[in-house]
Amino acid sequence: MKLLFLQKYRSLLALALTVTLTLVASSPMVAHAAKLNFQAVDKNGNAMSDVVVYATPVGAPLPASEKTEAIISQNDMQFSPYVTAIRTGSQVKFPNYDKMEHHVKSFSATKEFEIKTYERGVVPPPVIFDKPGIVIVYCLLHNWMRAYVLVLDTPYFVKTDQNGAAMLDKLPDGNYEIKAWHPILGSIKPPLSQTVKVNDQATPVKWQFDFVPVPRKSKSAAY
Ligand SMILES: [Cu+2]
């Protein structure tokens, strides 16, 4: 009887075993990791880019810090990218790819620094951001130039694209406090916040801000 059972279902068992092994082989290091999709819109319901969405585990420790590096270059008389999120302790390089000189300066309490006038092709020593918070970066020679650095204790962050969309994956199972920040909020207004239980839901977590972002200042607008 047992033999008959095995013969009958042998192919089915083989298939099940294959599926199981495939799942095991493709599993990440953590027990289970999920992803979350986000959608950010402004007061009128239009997509908002440059929104940093970041997740902090509730009742669970943050993973060990790892040093990362980011680049904010000077291109076409602007900082690029406009918004950068990094983890506390990370360093940022400010290479100048313009024909003009630039003079980079932050007055922010989170990280005050100055890179005095430097020309094309120069990559000054990186700036280390050792405290969480918001840093506004200026160029003292070109008053429209501005970049934002959001320094975060959590490694789980992402920035929305032109469609207002973003995705966080590799999130360990659990509850997260999720926040959404945009440069218009600056360091005065708090970011939007909600608590989410992570699962593989297809429906994005939605954020609606109560303003319409003003366009980024540019050289042409400055004269
Ligand atoms: Cu400049």
Quiz item: What is the number of the single condition among (1) assigned to a strand (DSSP E or B); (2) at pLDDT 90 or above; (3) open to solvent by 90 Å² or more (accessible area, probe 1.4 Å) that Pro190 does not meet?
Solution: (1)
Quiz item: Which of the residues spanning segment 62-96 are within 19 Å of Val151 (Cβ to Cβ), outside any strand (DSSP E or B) and of a type outside the set (A, V, I, L, M)?
Solution: Pro63, Ser65, Glu66, Lys67, Thr68, Pro81, Tyr82, Thr88, Gly89, Phe94
Exercise. Quick one: in segment 97-115, of everything that is within 12 Å of the ligand (Cβ to nearest atom) and charged (D, E, K, R), which residue is nearest to Leu150 (Cα to Cα)?
Key: Lys105
Exercise. Under 6 Å between Cβ atoms, at least 6 apart or on separate chains: pull out the pairs that start in segment 148-172 with a residue that is outside any strand (DSSP E or B) and end on any residue that is surrounded by fewer than 18 Cβ atoms within 10 Å (Cβ to Cβ) and of a type in the set (A, V, I, L, M).
Key: Thr154/Leu62; Asn163/Ala47; Gly164/Val41; Gly164/Ala47
Quiz prompt | Pairs with Cβ under 8 Å, 6+ apart, first in segment 44-69 and under 9 Å from Pro155 (Cβ atoms), second among the acidic types (Asp, Glu) and open to solvent by 30 Å² or more (accessible area, probe 1.4 Å) | solution = Leu62/Asp153
Exercise. Mind listing whichever residues of segment 152-168 are open to solvent by 10 Å² or more (accessible area, probe 1.4 Å) and among the polar types (S, T, N, Q)?
Key: Gln162, Asn163
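In segment 128-145, what count of residues is obtained for those that are part of a loop (DSSP other than H, G, I, E, B) and within 16 Å of the ligand (Cβ to nearest atom)? So that I can check it myself, show each step before the final result.
Restricting attention to segment 128-145, the residues satisfying the condition of being part of a loop (DSSP other than H, G, I, E, B) are 130-132, 140-145.
So of that shortlist, the ones also within 16 Å of the ligand (Cβ to nearest atom) come out as 140-145.
So the count comes out to 6.
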Practice problem: Those residues that are assigned to a loop (DSSP other than H, G, I, E, B), more than 16 Å from Ile71 (Cβ to Cβ) and out of contact with any Ser or Thr (no Cβ under 6 Å at 6 or more places or on another chain), I need them from segment 97-110; list them, please. | Solution: Lys99, Met100, Phe107, Ser108, Ala109, Thr110
Quiz item: Which condition breaks for Tyr82 when tested against (1) within 15 Å of the ligand (Cβ to nearest atom); (2) under 17 Å from Leu141 (Cα atoms)?
Solution: (2)
Quiz item: In segment 116-127, which residues are assigned to a strand (DSSP E or B) and either of a type in the set (Asp, Glu) or more than 11 Å from the ligand (Cβ to nearest atom) (or both)?
Solution: Lys116, Val127
Quiz item: For segment 207-219, does any single residue satisfy the condition of being of a type outside the set (Lys, Arg) and within 16 Å of the ligand (Cβ to nearest atom)?
Solution: yes
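The values are calculated or read from the model by the stated rules, or taken from the named source; none is laboratory data. As the structure is a prediction and not an experimental result, all values here were calculated from the model. Cβ coordinates were reconstructed from backbone atoms using ideal geometry, including for glycine residues, and neighbour counts include every protein chain displayed. Accessible surface is based on the protein model in full, side chains and every heavy atom, while ligands, DNA and RNA are left aside. Shrake-Rupley method; radii C 1.70, N 1.55, O 1.52, S 1.80 Å.
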